[in-house]
Every structure is written in C-alpha cells, then in structure tokens.
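Here the structure is laid out as structure tokens; the discussion comes afterwards.
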Amino acid sequence: MTTLDVPTRGGFTGDIDRPRGGAPAALMRHSLALARRSLIKTVRTPEALIDVTVQPVIFLLLFTYLFGGAIGAGDRGAYLQFLLPGLLAQSLALGGIALGQNLNADIEKGVFDRFRSLPVARSAPLIGAVSADVVRYLTVCVFMLGFGTLMGFRVETGFVPAVAAVALSIGFGLCFCWISVWVGMLVRTPGAVQGVMFLLIFPLSFGSNVFVQTDTLPGWLQAFVHVNPITPLVSTIRGLLVGGPVAHSLTITLAWMAGLLVVFVPLALRAYARRA
Amino acid sequence: MSDLVVRAEGLRKRFGKTQALDGVDLAMRRGTVLGVLGPNGAGKTTAVRVLATLLRPDEGYAEVAGIDVLKQPARVRRRIGLTGQYASVDEDLTGTQNLVLIGQLLDLRTSDAKKRAAELLEWFDLAEAANRMAKTYSGGMRRRLDLAASLVGHPEVIFLDEPTTGLDPAKREDMWGVVRTQVTQGSSVLLTTQYLEEADALADEIVVINHGKVIAHDTPDGLKRRVGGLTLSVRPADPAKVPDTLRVLDAVAAPGTSASAETAAGARPGAVSVPVAGDLALDEAVPALRRAGVEVVDFGLHLPSLDEVFHALTEGTPAPKKEYELV
C-alpha cells in the first residue's frame, strides 16, 4: 500500500459540529444521497422489479381471460375497463412489500450500523429508501397501463385525469409502504415481512371493489368494503381513468393517505431506533 | 484537551438474561492503540457499540474525544469512524460509490467526496477495482473498503471491531500496517480482537474483557509477564519419574521460575511444565532428561494460548468459570 500525504481535514470546512446549510437542508441532502443508493441497487438488480412488472401483468391476464368471462357476464372488454384501475391499486400495495424486505436485510447485514454511526438524522435512511420507491410505483403504472392498452384497455377521460391517476397512485404507494417499513423493522427476516404483508394486503384487496361490484356482495362484506382504504382509492382511479365521480372518494383517499403517514411514520421511526 | 480520548466508567448493559456489560471502565490515551481482548460473547462488541453511539447503556458514563456519548451523540459521530465485525459495505455499489455516499453523509460537497474516495481507494490498493461492484471483491478487498469507509471523515477516534477476523495472515498484516499509519497521522484506534498476537502487534495497551467485566488492563509486555512466555511440557512414561523430571526441568527454567506438575485447568495429566526463556532450553532439556534416565512420552514447547491467558487471568477472581468458546 502506498502512503499518500493525506491532508488532515481536506474538504471539511467551517464548524465541524454544524451540518452544512442547517438541519432541514442536511436531512434532505442525506435522504437524497441514500435514495440514490437505493436507485443504484434497483438498476443493478432488475430482477427485483418482477413484483412491479411481471406480477401485475399476470394478475391482469389471469382475471381478464380466466375469470373475466364469468364475472363480466361474457363481456371481457368491459370487465378489463373495470378491473385494471382496481388491480393497479392492489399492485401498489403489494409493490411496497419489497421495501420492508430490503430494509430488513440491510439491518441484518450491518449496513445501517454504518449509517447510524454517521452524523445524519435517524430518519434519513428510511426517508431515502421510501423516496426511491417512487420509481417502483411509476413502473407499476407504466406496465399496467401499457400492457392493459395492448389488451384493449382505453382511457376514457383524457390525458390530464390519467396523469392525475398516476400521481395519486404513486402518492398512495409512498404512504402505504410505511406499513411495510414498520413491519420490516419489527420482524426478523425478509421472508417474514412478506408473510405479514400478504396477510394484511390480500383481505384488503379482495375484500374491496377491485374485482367485483360491491352490490353483488353479502351485507356484512359490503360493510367491510366500505371502510376499506383500498375501496375509495380504486373508485378514484376508476373515475380518473374511465370516468365517474371522484370528488368524494378522492377526499377519503387523501384522508387515508394522511392517516397512514401520521400513524406509521412515527411507528416505523421508533421501531428503527429500537432495532439493533 | 484531555489526554484521554476515550473514557468510560461503569458501563452496564443487559440483553434479556445476559448481562453483556457488567460495569466496564475503559481509558484510551490520545494517539495510541487500545486493544480490547476477550472471547466471543465477552462484551467487546457491546462496548464498542456504546462508544460509537449505536447503543445506549443501561448505566454508566462514556466520553469520546472529550464529548459525552449519551448527551451529544451527533457531535461524537462527526469525530469517529466505525468498522463493524461484518464488512458492512454495500455490495451493489462500486467501491467509489460506497465511499462517496459516506462522504456525502458526512456533509462533504460531492466533488470533495469524490476526491476523498479516490484518495482512499488509491491508498488501499483498490484504485483498479474502484468502479466494480463490491460484491465482486475478495474478502480482503471488502475489509479494506470497509476500513476505508470508516476513514472518509478523518476521524479522531477509529473503532475497529474484529477487523481481521476471517483474513489470511498476509492480509492481516496489511491491515496492521493501515492501523499503524492511522496512528502516525494522529488518530487514536480502539480495536477489539480475539487474537493475542494481533493485540500484541498493534496495541499500546490491552484491556481484557470477560463476562462483561474488565479483568485486566496492561501493556502487552505486562500481560505476557503475568501470563508467562514459552512453556516446556514433558510427560515421563513412568509417573514415578515425575520428581526426577521436576529436578531436570528446574535447571532450564526461565529466571525466577521453577518447574511444576501440571494441575491447572487444561493441564496434561502426569506432565511437568516449566516456563522457559526461549527454545534454546530444548538443547539443554533433552540431553539432561536422557542423563537422568527419564523416558518421555510427550514433549512440547507451547506459547501461551489465548485460552491460557484467560485461565491465568480469571484464576483467583470470582468470575464464574465456564468453558470458553474460542473460534
């Protein structure tokens, strides 16, 4: 090894105890740097995107061609128009699972120990990882709409509502994934994250208006569908893509998104601080 | 500025039923290497995690670089570098990306972070692998990258938790060179290890921890004097010849010591052992045993093993005797 004359404090200027630009700017900078790390990992392991690319498409094919004839009374085209916005919501919820799994693995490997020994806010690694998930939710939207169009799905509203639907989808994904982050901090293995999240998401996505009209369900199940956060999200995306009223369901969806953040961000941060 | 760059008093930490730290006091002088030696599960890693602000102790006081670890962890984090027991580099990132990320998190401007990364990669012989993903690195390269990562911020105090576990001897000596250079550049290094020879090669002072307690704090020479150097061990074929063997071996004993029948833990039954000054004692012992007519079935020259160090150090202390797991 060559011995290089290393300047003792090269690049470090000003007060060593004060983050450059103040604490909020530092949090943003650190979160972005960590988000970039997650994105590099995503690009390097494209197979980790199967759950936001191939998997939603398989659901789309399965429900359109296998069940679509039966559920949609023979009209597969009409059923696809009904199904796709709902499946988009389910795919967003499922798409957040990988985040919890990755964070769980990072902690086990000791990568987070290094971050925690650095002068960054405790929340920066989590905020960074969540921010990078934007790419995954955007991928879900692009694959669903792109493949859906090939199968005959048509946006019946217009460009602006369609963009709004995608934006809302990504926003919902970013709020919902904090549950996965929290679970990732609590359980021991990435596999357990998936198990717990499936247990949560499948009742939510099947016990909703994703696959069938709510009025075909028994009364007690309708009651569940009406309090399920997936339901207003699906109604809103449906309205924005194929037409229909959205104001009411959008309000409820935004309220749910705020509620998810208020509850699960602090839970996740606390669990993270306690872990290891 | 205090002469002590790490100071801990009465650290206690319990995990469930395990008292990982049971009143640990530590002191490290500025510009020196402190070796923390102990078997698996002794509490070494827990102590490092407390000092590196990763873990709050249940009780006790600790300061690093003159700053209270519990009250001002953020200020401590700007002055330390940590390399954990497992190489915690990001496998999907290249060497450069790993180090630039650390630099950015240390509030370096990206251009400065890149400069620093290039500098360290060069210094650690990783320049050629700088743009390869860390998962393609060998074990030794990963360790070096991990160590480089802890040096990005020019830390005043460097914590190395078993930095050479799993490295082959040549790579281990490379790491030792790195540690020595850091000290000449003004850093202080606290390193944990299970290898006596590593502590011996690097440390100015050694702390031995067992069952969450400090059982010795001394210079390497002081520790060796306490434990003893080379030991010659001889087992006569006929147990009745033990007194003769004792007499013969007394003649080759290191100054101030004498031969004794082995009774201590880990002893070879029926054997006689004697501390010797060096392997030249063999030249005297073998003919002398022949002349005394002692027939020998077991004959050996031993360094004090880590096991013996702990046996020697825990003898006479009330610490519970247990089988040490030495891996």
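The values are calculated or read from the model by the stated rules, or taken from the named source; none is laboratory data. Computed from a prediction, not measured in an experiment: that's the story for all the values here. Here the Cβ is made from the backbone with ideal geometry for all residues, glycine too, and neighbour counts use every protein chain on show.
Could you list, in sequence order, the residues of segment B:167-177 that are in contact with a Lys or Arg (Cβ under 8 Å, 6 or more places away or on another chain) and either surrounded by fewer than 16 Cβ atoms within 10 Å (Cβ to Cβ) or within 14 Å of another protein chain (Cβ to nearest Cβ) (or both)?
Once the filter is applied, which keeps residues that are in contact with a Lys or Arg (Cβ under 8 Å, 6 or more places away or on another chain) and either surrounded by fewer than 16 Cβ atoms within 10 Å (Cβ to Cβ) or within 14 Å of another protein chain (Cβ to nearest Cβ) (or both), segment B:167-177 yields B:Lys171, B:Asp174, B:Met175.
What pairs come up if the first residue lies in segment B:180-203 and is touching a residue at least 60 places away in the same chain (Cβ under 8 Å), the second is crowded, with 22+ Cβ neighbours inside 10 Å and of a type in the set (Ser, Thr, Tyr), and their beta carbons are under 8 Å apart, counting only those six or more places apart or on different chains?
Pairs that qualify, where the first residue is touching a residue at least 60 places away in the same chain (Cβ under 8 Å) and the partner is crowded, with 22+ Cβ neighbours inside 10 Å and of a type in the set (Ser, Thr, Tyr), are B:Thr193/B:Thr164; B:Tyr195/B:Thr164; B:Glu198/B:Thr164; B:Ala199/B:Thr193.
Let's see how each residue does on (1) out of contact with any Phe, Trp or Tyr (no Cβ under 9 Å at 6 or more places or on another chain); (2) assigned to a helix (DSSP H, G or I); (3) surrounded by fewer than 24 Cβ atoms within 10 Å (Cβ to Cβ):
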| residue | (1), (2), (3) |
| --- | --- |
| B:Val152 | yes, no, no |
| B:Thr165 | no, no, yes |
| B:Ala201 | no, yes, yes |
| B:Ile215 | no, no, yes |
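Is it the case, given these coordinates, that B:Ile206 is assigned to a strand (DSSP E or B) and at pLDDT below 90?
No, not satisfied.
This table checks each residue for (1) among the acidic types (Asp, Glu); (2) free of Cβ contacts under 8 Å to residues at least 40 places away in the same chain; (3) under 25 Å from B:Thr219 (Cβ atoms).
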| residue | (1), (2), (3) |
| --- | --- |
| B:Phe15 | no, yes, no |
| B:Val36 | no, no, yes |
| B:Pro57 | no, no, no |
| B:Val64 | no, no, yes |
| B:Val76 | no, yes, no |
| B:Thr96 | no, yes, no |
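Considering only segment A:34-63, state which residues are more than 16 Å from A:Tyr137 (Cα to Cα) and outside any helix (DSSP H, G or I).
A:Thr45
Is it the case that A:Ala129 is within 14 Å of chain B (Cβ to nearest Cβ), in contact (Cβ under 8 Å) with a residue 60 or more places away in the chain and in contact with a His (Cβ under 6 Å, 6 or more places away or on another chain)?
Against the criterion (within 14 Å of chain B (Cβ to nearest Cβ), in contact (Cβ under 8 Å) with a residue 60 or more places away in the chain and in contact with a His (Cβ under 6 Å, 6 or more places away or on another chain)), A:Ala129 does not qualify.
Can you find even one residue in segment B:83-91 that is surrounded by fewer than 22 Cβ atoms within 10 Å (Cβ to Cβ), at pLDDT 95 or above and among the charged types (D, E, K, R)?
Within segment B:83-91, not a single residue is surrounded by fewer than 22 Cβ atoms within 10 Å (Cβ to Cβ), at pLDDT 95 or above and among the charged types (D, E, K, R).
Mind counting the residues in segment A:217-245 that are assigned to a loop (DSSP other than H, G, I, E, B) and either in contact with a Lys or Arg (Cβ under 7 Å, 6 or more places away or on another chain) or touching a residue at least 60 places away in the same chain (Cβ under 8 Å) (or both)?
Going through segment A:217-245 one residue at a time, the tally reaches 2.
Which is surrounded by 20 or more Cβ atoms within 10 Å (Cβ to Cβ), touching an Asp or Glu at 6+ places or on another chain (Cβ under 9 Å) and either over 29 Å from B:Ile67 (Cα atoms) or not assigned by TED's automatic domain parsing to the domain that holds B:Leu101 (or both), of B:Ala129, B:Ala134?
Criteria check complete, one pass: B:Ala134.
If a residue has to be small (Gly, Ala, Ser) and either over 21 Å from the mean Cα position of the chain (by Cα) or within 12 Å of another protein chain (Cβ to nearest Cβ) (or both) to count, how many in segment B:45-61 make the cut?
Residues flagged as small (Gly, Ala, Ser) and either over 21 Å from the mean Cα position of the chain (by Cα) or within 12 Å of another protein chain (Cβ to nearest Cβ) (or both) within segment B:45-61 amount to 2.
Facing chain B (nearest Cβ under 10 Å) and in contact with a Leu (Cβ under 9 Å, 6 or more places away or on another chain), is that true of A:Pro19?
yes
Out of the residues in segment A:13-33 that are of a type in the set (A, V, I, L, M, F, W, C) and surrounded by fewer than 19 Cβ atoms within 10 Å (Cβ to Cβ), state the one that is nearest to A:Thr139 (Cα to Cα).
A:Leu32
So, in segment B:125-162, how many residues would count as being in contact with a helix residue (DSSP H, G or I) (Cβ under 6 Å, 6 or more places away or on another chain) and acidic (Asp, Glu)?
Going through segment B:125-162 one residue at a time, the tally reaches 1.
Go over the candidates A:Ala35, A:Ala26 one by one and state the one that is more than 10 Å from chain B (Cβ to nearest Cβ) and either within 29 Å of A:Ala78 (Cβ to Cβ) or modelled with pLDDT of 90 or more (or both).
The unique qualifying residue is A:Ala35.
Since B:Ala42 meets every condition but one in (1) under 20 Å from the mean Cα position of the chain (by Cα); (2) more than 11 Å from every other protein chain (Cβ to nearest Cβ); (3) closer than 24 Å to B:Gln182 by Cα, which condition does it not meet?
Of (1) under 20 Å from the mean Cα position of the chain (by Cα); (2) more than 11 Å from every other protein chain (Cβ to nearest Cβ); (3) closer than 24 Å to B:Gln182 by Cα, only one is false for B:Ala42: (3).
Quick one: which residue in B:Gly84, B:Gly35 is more than 11 Å from every other protein chain (Cβ to nearest Cβ) and either in contact with a His (Cβ under 8 Å, 6 or more places away or on another chain) or among the small types (Gly, Ala, Ser) (or both)?
Every option except B:Gly35 fails the conditions.
Scan segment B:30-39 residue by residue and report those that are of a type outside the set (Lys, Arg) and over 17 Å from the mean Cα position of the chain (by Cα).
Passing the criteria: only B:Gly31.
Inspect all residues belonging to segment A:205-226 and state whether any of them is at pLDDT 95 or above, closer than 28 Å to A:Thr64 by Cβ and surrounded by 18 or more Cβ atoms within 10 Å (Cβ to Cβ).
No.
Which condition number does B:Thr164 fail, the rest of (1) among the hydroxyl-bearing types (Ser, Thr, Tyr); (2) free of Cβ contacts under 8 Å to residues at least 40 places away in the same chain; (3) within 12 Å of another protein chain (Cβ to nearest Cβ); (4) touching a strand residue (DSSP E or B) at 6+ places or on another chain (Cβ under 8 Å) being met?
If we test B:Thr164 against (1) among the hydroxyl-bearing types (Ser, Thr, Tyr); (2) free of Cβ contacts under 8 Å to residues at least 40 places away in the same chain; (3) within 12 Å of another protein chain (Cβ to nearest Cβ); (4) touching a strand residue (DSSP E or B) at 6+ places or on another chain (Cβ under 8 Å), just (3) comes out false.
Being farther than 22 Å from A:Ser205 by Cα, of a type outside the set (Ser, Thr, Tyr), crowded, with 19+ Cβ neighbours inside 10 Å and touching a Ser or Thr at 6+ places or on another chain (Cβ under 9 Å) is the filter here, so list the residues in segment A:34-63 that pass it.
A:Leu34, A:Ala35
Does B:Leu108 satisfy being at the interface with chain A (Cβ under 7 Å from one of its Cβ atoms), out of contact with any strand residue (DSSP E or B) (no Cβ under 6 Å at 6 or more places or on another chain), farther than 22 Å from B:Glu162 by Cα and not in a helix (DSSP H, G or I)?
Judged against the criteria, B:Leu108 is a match.
Determine whether segment B:54-71 contains at least one residue that is closer than 28 Å to B:Asp107 by Cα, in a helix (DSSP H, G or I) and in the same structural domain as B:Glu9 (by TED's automatic domain parsing).
no
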